[in-house]
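Remarks on the structure that follows.
The values are calculated or read from the model by the stated rules, or taken from the named source; none is laboratory data. Because the structure is predicted, anything quoted here is derived from the model rather than measured. As a convention, Cβ positions derive from the backbone with ideal geometry for all residues, glycine included, and neighbour counts pool all protein chains shown.
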Amino acid sequence: MKKEMINVLKFTFSSLSSYIGELLIFVFLITWLKPLMGHFSIIIATVIGRTCSSIYCYYFNSRLIFESKEASPMGYYILIVVQMLLSAVLVYLLSHMILIKETYMKMFVDTILFVISYFIQKKYIFHS
């Protein structure tokens, strides 16, 4: 149980540090691209931000959290693509339905996806 709690804390650190980088990239790109591309900029900013953060996260999670020698990079990136698509679609739809700024909606949506992702990574990706 203690090891599990330590892993949850490490995963939280990994995810938060990765997410801060992703969010900074997202905010920068939204600010820069929105005047040029409109709402399509949400998708572009999400894809670029998530791609950068996923490279960092995969290394950190596979080596330092789950200590997995059987990690599935393919499975991890399938999960990332699904999360990225869910994030982009939900942020777009919810920010327009509720009229909340995209950045705040992204923080809300990605928090929910974070919890789901931990359990999927633990059980199916890193076999921990």
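State which residue is surrounded by the most Cβ atoms within 10 Å (Cβ to Cβ) when the search covers only the range 67-76 and only residues that are in a helix (DSSP H, G or I) and touching a Phe, Trp or Tyr at 6+ places or on another chain (Cβ under 8 Å).
Across the range 67-76, the extreme among qualifying residues is 76.
When the residues of the range 91-128 are filtered to those that are more than 18 Å from residue 20 (Cβ to Cβ) and of a type in the set (Phe, Trp, Tyr), which remaining residue is surrounded by the most Cβ atoms within 10 Å (Cβ to Cβ)?
126
What single numbered condition from (1) in contact (Cβ under 8 Å) with a residue 60 or more places away in the chain; (2) touching an Asp or Glu at 6+ places or on another chain (Cβ under 9 Å) fails to hold for residue 118?
For residue 118, the failing item is (2).
Just checking, does the range 72-93 include any residue being within 25 Å of residue 3 (Cβ to Cβ) and over 17 Å from the mean Cα position of the chain (by Cα)?
yes
Take residue 26 and decide whether it is assigned to a helix (DSSP H, G or I) and out of contact with any Phe, Trp or Tyr (no Cβ under 6 Å at 6 or more places or on another chain).
Yes; evaluated as a whole, the condition is true for this residue.
Sort through 31, 46 and tell me the only one that's at pLDDT below 90 and out of contact with any Leu (no Cβ under 8 Å at 6 or more places or on another chain).
That would be 46, the only listed residue that is at pLDDT below 90 and out of contact with any Leu (no Cβ under 8 Å at 6 or more places or on another chain).
Could you pull out the residue among 41, 14 that is under 20 Å from residue 94 (Cβ atoms) and part of a helix (DSSP H, G or I)?
None of the others qualify; the one that does is 41.
Between a residue in the range 9-33 that is among the hydrophobic types (A, V, I, L, M, F, W, C) and any residue that is not in a helix (DSSP H, G or I), which pairs come within a Cβ distance under 9 Å, given they are 6 or more apart or on different chains?
11/66
If a residue must be free of Cβ contacts under 8 Å to residues at least 24 places away in the same chain and under 22 Å from residue 39 (Cα atoms), how many such residues does the range 63-94 contain?
Residues flagged as free of Cβ contacts under 8 Å to residues at least 24 places away in the same chain and under 22 Å from residue 39 (Cα atoms) within the range 63-94 amount to 7.
How about the range 62-83: which of its residues are over 12 Å from residue 123 (Cα atoms) and among the small types (Gly, Ala, Ser)?
Hit for the range 62-83 is 62, nothing else.
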